[in-house]
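> First the structure, which I've put down as structure tokens, then a few questions once you've had a look.
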Amino acid sequence: MQGGNHMLLEEPVRLASVLAPAKPKVFPSLTKIVGTLGPNSHSVEVIEECLTAGMSVARFDFSWKDATYHQETLDNLRKAAQNVKKLCPIMLDTVGPEIQVHNSTGGAIELIGGNHVTITPDLSKAPSADILPIKFGDLAKVVKKGDTLFIGQYLFTGSETTSLWLEVTETSGAEVICYVKNTATLSGPIFTLHVSQVHISMPTLSEYDKQVISTWGLQNSVDIISLSHTRSSEDVRELRAFLKSHDLQDTQIYAKVENAEGLEHFDEILQEADGIIISRGDLGIDLPPERVFMSQKTGIHKCNMAGKPVIITRVVDSMIDNLRPTRAEATDVANAVLDGTDGILLGAETLRGQYPVDAVRTVGRICAEAETVYNQSLHFKKVVRHVGEPMAHEESVASSAVRSAMKVKAAAIVVFTFSGRAARLIAKYRAPMPVLAVVFPREGSDPSKWRSYGTTQARQCFSVRGVYPLMGSTDEAETGGLTKEEYGIKLALNYGRSVGIIKPYDRVIIFEKIGDSSVVKIIECDDSER
């Protein structure tokens, strides 16, 4: 049947496969999983399990805890990655223009629906059911009667008992008086306040963010920065200039679009950013619920056509406290994959959830199942049509490589790359098989520095759907005297065999750029190629 997601399901074959016993997966899903590390995913042992279960990117959220705590977690991540022999990129998530309610006592505050509460910039006042102090002095200047405010520690879990829904009734000087629309209990030292569809005159890149990036970020050579609350392309350019001034020019920027203002400038943001994170937590309260799905589908489509990674958030909130997601959540994850997302971001599910490893594993299984019915042919045609004619040489060869891989039913596509761009170009056409990206040092590069550069580029590939990077080398001691091509192919095939995606007599597509030209080759594997 033909559905809204352009799926082609052959009945009764497909229905029979649903009822058949599940086949064990020898390789993780092509869709990547970003895991946020925190209290319940802090230890080396748990992080190892998350990596083994399918976590591809580790996210560090600086809206809570200090750099010392995050450094301990990162050190544990590095030990875990070394133990399981996996690369894992570091994503630093900025705080951005968040308005925070400070609960100095840390005790629970219960607010009753139908009552009123005053929001004040006076931090000397103790928080209670009657008054909530915030670290922002201009709220009364930017809101008006009838505006909607939300308050919660984890914006927003979907449980109305932990999120507060307010309506502005009046302003008095610097204070804002609100009607409480639901009964909720706020707990913890800090809650975030969100004003629906109102521009807040706070910088997207805060001074705190700059301090974290220039210290913790620089010290750890972070691979990706998730720029929270991105509202315009200028936000991305500002961060890019800041990174360059702090010798972090290789760090990628993923713009986090999470409000109506960001959606309004989505096209220009996409042009400037290296990738997009569609943050449905805040979007879900900034937009009417019936419009959230369209922002996701439209955003993913635009990213797919541009060939830039896109990641979706807030998919299995119920797994914070439960071992299984709801049926709606499982379907939601699958639909995101069918829409074309590169990755799924887990926040509270892995940060403070009771089942971080199960959350990663479960989402990975759902993604892998959805990939089996993903309409790659339709996506391919859409990208080709969008690119148009005459097609640039690199686009032509990349699309030909994917088309060839489809026709010969290749087990994998091997790409030789310096920066990861060639691998991302292949991924743009959504090959249904893994793309093994062998990252080599640039010619003439400093041998003492190239591995750091190469590792950065290799790790960044882990956020792209279907791409799995491998570290190449030009050192004769490591290559054994083989040519670059021979060594790269051997490295990729050995890896493919070790993880079970390449078997004897499988076909593999080789994509390589030589000078100003790009070459596509087909090879057949046999047991002698070791």
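> Name the shape class, rounded, prolate or oblate, that the alpha-carbon gyration tensor gives for region 458-527, where a ≥ b ≥ c are the square roots of its eigenvalues, rounded holds for a/c under 1.5, and otherwise prolate holds if a/b is larger than b/c and oblate otherwise.
In terms of gyration-tensor shape, rounded.
> Please give the length that would be gained between Lys244 and Glu45 if that part of the chain were fully extended, namely 0.36 nm times their separation in residues minus their C-alpha to C-alpha distance (nm, one decimal).
Here the segment from Lys244 to Glu45 would lengthen by 68.1 nm.
> Taking a cut-off of 25 Å between Cα atoms, list the lysines near Lys297, but don't count ones fewer than 8 places away on the same chain.
Lys32, Lys256, Lys308, Lys381, Lys382, Lys428
> To continue, here is another question. Would you mind pulling out the separation of the Cα centroids of region 160-225 and region 83-159, in Å?
5
> Moving on. First check a/c for region 360-449, with a ≥ b ≥ c the square roots of the eigenvalues of its C-alpha gyration tensor; if it is under 1.5, answer rounded, and if not, answer prolate when a/b is larger than b/c or oblate otherwise.
oblate
> Whose amide H sits under 5 Å from the amide H of Ile99, counting only residues 5 or more places off or on another chain, with H placed in the peptide plane?
Placed amide hydrogens put Leu193 under 5 Å from Ile99.
> Nothing charged except the Cβ atoms of Lys and Arg (+1) and of Asp and Glu (-1): what's the magnitude of the dipole of the chain about its Cα centre? Round to the nearest 20 debye.
So the magnitude is around 1420 debye.
> Once every Cα of the chain carries one equal point scatterer and solvent is ignored, give the base-10 log of I(q)/I(0) from the Debye formula at q = 0.07, 0.12, 0.13 Å⁻¹, two decimals.
Listed by q, the Debye log ratios stand at -0.41, -1.15, -1.33.
> Now, a different point. If the chain between Glu476 and Leu218 were fully stretched, how many nm would it gain, using 0.36 nm times the residue separation less the Cα-Cα distance?
On the way: separation 258, 0.36 × 258 = 92.88 nm, distance 3.18 nm.
That works out to 89.7 nm of additional length.
> Taking 30 Å as R0, compute the FRET efficiency from the Cβ-Cβ separation of Glu175 and Thr105 and round it to 0.05. Working shown, then result.
Details: r = 21 Å, r/R0 = 0.69.
With a Förster radius of 30 Å, E is 0.90.
> Taking every DSSP beta bridge with both residues inside the chain, roughly what % is antiparallel (nearest 5)? Before the final figure, lay out the partial values.
On the way: 36 of 82 bridges.
Here the share of antiparallel DSSP bridges comes out near 45 percent.
> Still on this structure, I have one more. In the neighborhood of Ser377, defined by Cβ-to-Cβ distances under 11 Å, what is the net charge if each Lys or Arg adds +1 and each Asp or Glu adds -1?
On the way: positive: Lys381, Lys382, Arg403, Arg430; negative: none.
With Lys, Arg at +1 and Asp, Glu at -1, the neighbours total +4.
> For the chain, give the percent of accessible area contributed by carbon and sulfur heavy atoms, probe 1.4 Å, rounded to a whole number. Let's see the in-between values first.
On the way: 12110 of 23250 Å².
Reported share for carbon and sulfur atoms: 52 percent.
> Under a plain spin-label model, where a point goes 7 Å from the Cα along Cα-to-Cβ, how far apart in nm are Arg237 and Gln376?
3.9
> Ok, one more. Taking the Cα-to-Cβ direction at Val384 and at Asp526 and moving 7 Å from each Cα, how far apart do the two end points lie in nm?
Reported label-point gap for Val384 and Asp526 is 3.3 nm.
> Please work out the FRET efficiency for the pair Tyr69 and Asp321, using the Cβ-Cβ distance as r and a Förster radius of 25 Å; give the result to the nearest 0.05.
0.60
> If the reach is capped at under 28 angstrom between alpha carbons, list the lysines near Lys181, excluding any in the same chain fewer than eight residues apart.
Cα-Cα hits under 28 Å: Lys125, Lys135, Lys141, Lys144, Lys145.
> If you don't mind, another one. Please list, in order along region 129-134, the HN-Hα scalar couplings obtained from phi with the Karplus expression 6.51 cos²θ - 1.76 cosθ + 1.60 (θ = phi - 60°), rounded to whole Hz, x for Gly and Pro.
Values, residue by residue: 5, 9, 8, 10, x, 10 Hz.
The values are calculated or read from the model by the stated rules, or taken from the named source; none is laboratory data. Nothing here was measured: the structure is a model prediction, and the numbers come from that model. Glycine gets a Cβ as well: all are built from the backbone with ideal geometry, and neighbour counts include every protein chain shown. When the accessible area is computed, the model is the full protein with side chains, heavy atoms only, and any ligands, DNA or RNA have been set aside. Shrake-Rupley method; radii C 1.70, N 1.55, O 1.52, S 1.80 Å.
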